[in-house]
Amino acid sequence: MAEISASLVKELRDKTNAGMMECKNALKETEGDVDAAIKFLRERGAIKAAKKADREAKEGIVSANIDAESRSGVLVEVNCETDFVAKNDNFKTFVSELTDAVAGSDASDVESANSISKDEGSLDDFVKAKVIELGENLQFRRMVRYDVEGSGVVASYIHLGGKVGVLLEVNCGKAESASNDSFRELVKDLTLHIAASSPAGIGRDEISSDLVEAEKDLFRKQMEDSGKPPEIMEKIIEGKLGKFYSTVCLLEQGFIKDPDQTISDLLAAKGKDLDDELTVRRFARFGVGES
């Protein structure tokens, strides 16, 4: 049997993040063959990870990666079981590496991202290896990728140490506007606003009918003893919906830095300054552990 030296164990540990004893045992099983030992650990890791997969994981981190030209970006959420692990530098580094790997691929969802290459295996293998190391159920829960169409930028904002994250695409009519400092500052402000205000959609057409109907039912119950005819009540409800939309539609919300100015007005004013038309194309807001 080949001698299992400390340096060989360290080499395997550096490549897999598995425990020292697990590395040593894997090398014994494979007679010192590091590549075979990696495969051995991954096979065992899949079993161990499966045993932890049914444990609740509602803590974690939201992370983002934007390319140098602000033309492409990803937002991901990775969950763990405890806040202790979520705050651990080891876990933070793991999430950062996972985010970078996703950003460097063309994956557009978790399923396709899990199959990309990472450390002589797949990204899914990378996650399972970290499950073994940290002893908690870890889940690469969700992701979104934005690639700019036409002129514009993608931007992100991570709040509360990774508890909330935003990915945003804002388009402009002229290519030169995308590199304008004033435009970039506006986009940054919008990411902060979305993180703080949590809009449900950009405009009224993006608000789910179920959410609107639930709000209407609430208004009806509030007025059920008013004695007003049904047709009058419906008109009043339609009026009340305007206030509701101003709280859930991004374009109708009051800007957090100037509540008297709506986001729609803010975009129009900045567009006038730049002699351009600015539009919010899409956004995503992740909060750790959201249902």
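Checking each residue in segment 195-219 for being surrounded by 14 or more Cβ atoms within 10 Å (Cβ to Cβ), assigned to a helix (DSSP H, G or I) and polar (S, T, N, Q) picks out only Ser197.
Among the candidates Ser182, Ser177, which residue alone is surrounded by fewer than 23 Cβ atoms within 10 Å (Cβ to Cβ), assigned by TED's automatic domain parsing to the domain that holds Glu290, assigned to a helix (DSSP H, G or I) and of a type in the set (S, T, N, Q)? Step by step, each of Ser182, Ser177 is checked, and only Ser182 is surrounded by fewer than 23 Cβ atoms within 10 Å (Cβ to Cβ), assigned by TED's automatic domain parsing to the domain that holds Glu290, assigned to a helix (DSSP H, G or I) and of a type in the set (S, T, N, Q). Meeting the requirement of 3 or more residues that are at pLDDT below 95 and not assigned by TED's automatic domain parsing to the domain that holds Arg142, the helices (runs of 4 or more DSSP H) wholly within segment 1-96 are 6-16, 20-29, 34-52.
Given the criteria basic (Lys, Arg) and either touching a residue at least 12 places away in the same chain (Cβ under 8 Å) or not in a helix (DSSP H, G or I) (or both), does Lys240 qualify? It is true that Lys240 is basic (Lys, Arg) and either touching a residue at least 12 places away in the same chain (Cβ under 8 Å) or not in a helix (DSSP H, G or I) (or both).
Give Ser208, Ser197 a once-over and let me know the one that is small (Gly, Ala, Ser) and in contact (Cβ under 8 Å) with a residue 40 or more places away in the chain. After applying the criteria, what remains is Ser197.
The values are calculated or read from the model by the stated rules, or taken from the named source; none is laboratory data. Everything numeric in this text was worked out from a predicted model, so none of it was measured. Backbone-built Cβ (ideal geometry, glycine too); neighbour counts: all protein chains shown.
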